[in-house]
Amino acid sequence: MATASRLSTSTLLTCAAIGVAAGVLQAGAGALSGPVSAAVPIIYGLVLGVHVLPGVIAQDLLRKPWVALITHLIAALVASAVVPLWIGRYIGTALLIGGLQEGIAALGRYRRWEPWRFFLSAVIIGGIIAAAIWFAADISRFPLWGQVVYVGLFLVGPVLWTAVGLAIAGSLRRAGVPRSTRS
């Protein structure tokens, strides 16, 4: 006799739907990242923050283990289908951000779903990305105020996109989407 799956088919299909929508959005953000970095590099953190969206929506809507990581990986595959050259970036970002979101939820034993937990996760993710960018990008080209704003927007971007993700998940919940996915 086969054992029951930890995640139902409806949960996985919900992750897939969120992942496809987020993947298209991430591909669009990827297309914008070059021009934004060239024309207005100081706001790049706001564009990059979109990568928190699939995990936020999936976790807030479904409230189950692994949904952030699964949804991030689906989003990465969709974005990679649009921009195959960046498959490594998309998969790496999915593993990093989805893994962090899962890890933070696991610390609360997948029982803490209040908005503050999602925003804490966003600040942690933003801090890690800001630290990586600090070393990877030549931010010394900016005046001091520009360096502060540049790094600050890597913290603010994930927080703003988390607010968007929570609003989307709330709208989906009000529409009755998770009824068949919660056990």
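Kindly list the number of the only condition in (1) of a type outside the set (V, I, T); (2) open to solvent by 10 Å² or more (accessible area, probe 1.4 Å); (3) more than 30 Å from V148 (Cα to Cα); (4) under 16 Å from the mean Cα position of the chain (by Cα) that fails for Q59.
The one condition Q59 does not meet is (2).
Taking interchain pairs and intrachain pairs at least six residues apart, which have beta carbon atoms under 8 angstrom, with the first residue in the range 127-140 and under 13 Å from I97 (Cα atoms) and the second open to solvent by 70 Å² or more (accessible area, probe 1.4 Å)?
Here the result reads I128/L96, each pair linking the range 127-140 to a residue that is open to solvent by 70 Å² or more (accessible area, probe 1.4 Å).
Report yes if some residue within the range 91-100 is of a type in the set (A, V, I, L, M, F, W, C) and without any contact (Cβ under 8 Å) to a residue 24 or more places away in the chain; otherwise report no.
Scanning the range 91-100 turns up at least one residue that is of a type in the set (A, V, I, L, M, F, W, C) and without any contact (Cβ under 8 Å) to a residue 24 or more places away in the chain.
Counting just the residues of the range 138-147 that are over 15 Å from L46 (Cβ atoms) and under 27 Å from the mean Cα position of the chain (by Cα), which one comes out most open to solvent (accessible area, probe 1.4 Å)?
This residue is D138.
Consider V40 carefully, then state whether it is open to solvent by 60 Å² or more (accessible area, probe 1.4 Å), without any contact (Cβ under 8 Å) to a residue 24 or more places away in the chain, out of contact with any Pro (no Cβ under 8 Å at 6 or more places or on another chain) and of a type outside the set (K, R).
yes
Identify, please: which residue in the range 152-183 is modelled with pLDDT under 90 and part of a helix (DSSP H, G or I) and is, among those, surrounded by the fewest Cβ atoms within 10 Å (Cβ to Cβ)?
Applying the filter and picking the extreme gives R179.
In this structure, does A39 turn out to be out of contact with any helix residue (DSSP H, G or I) (no Cβ under 6 Å at 6 or more places or on another chain) and not hydroxyl-bearing (S, T, Y)?
It is true that A39 is out of contact with any helix residue (DSSP H, G or I) (no Cβ under 6 Å at 6 or more places or on another chain) and not hydroxyl-bearing (S, T, Y).
Just to check your reading of the model, which residue among A79, A29 is under 29 Å from V148 (Cβ atoms) and either crowded, with 16+ Cβ neighbours inside 10 Å or touching a residue at least 12 places away in the same chain (Cβ under 8 Å) (or both)?
A29
Yes or no: the range 103-111 includes at least one residue that is of a type in the set (A, V, I, L, M, F, W, C), over 16 Å from G165 (Cα atoms) and surrounded by fewer than 17 Cβ atoms within 10 Å (Cβ to Cβ).
Yes: the range 103-111 contains one or more residues that are of a type in the set (A, V, I, L, M, F, W, C), over 16 Å from G165 (Cα atoms) and surrounded by fewer than 17 Cβ atoms within 10 Å (Cβ to Cβ).
Filter the range 57-69 down to the residues that are touching a Pro at 6+ places or on another chain (Cβ under 9 Å), touching a residue at least 40 places away in the same chain (Cβ under 8 Å) and not acidic (D, E) and list them by number.
L61, L62, R63
The values are calculated or read from the model by the stated rules, or taken from the named source; none is laboratory data. Quick caveat, the model's predicted, so the values are computed rather than measured. In this analysis, Cβ positions are derived from the backbone assuming ideal geometry, glycine residues included, and neighbour counts consider all displayed protein chains. Note: areas computed on protein heavy atoms with side chains; ligands, DNA, RNA excluded. Shrake-Rupley method; radii C 1.70, N 1.55, O 1.52, S 1.80 Å.
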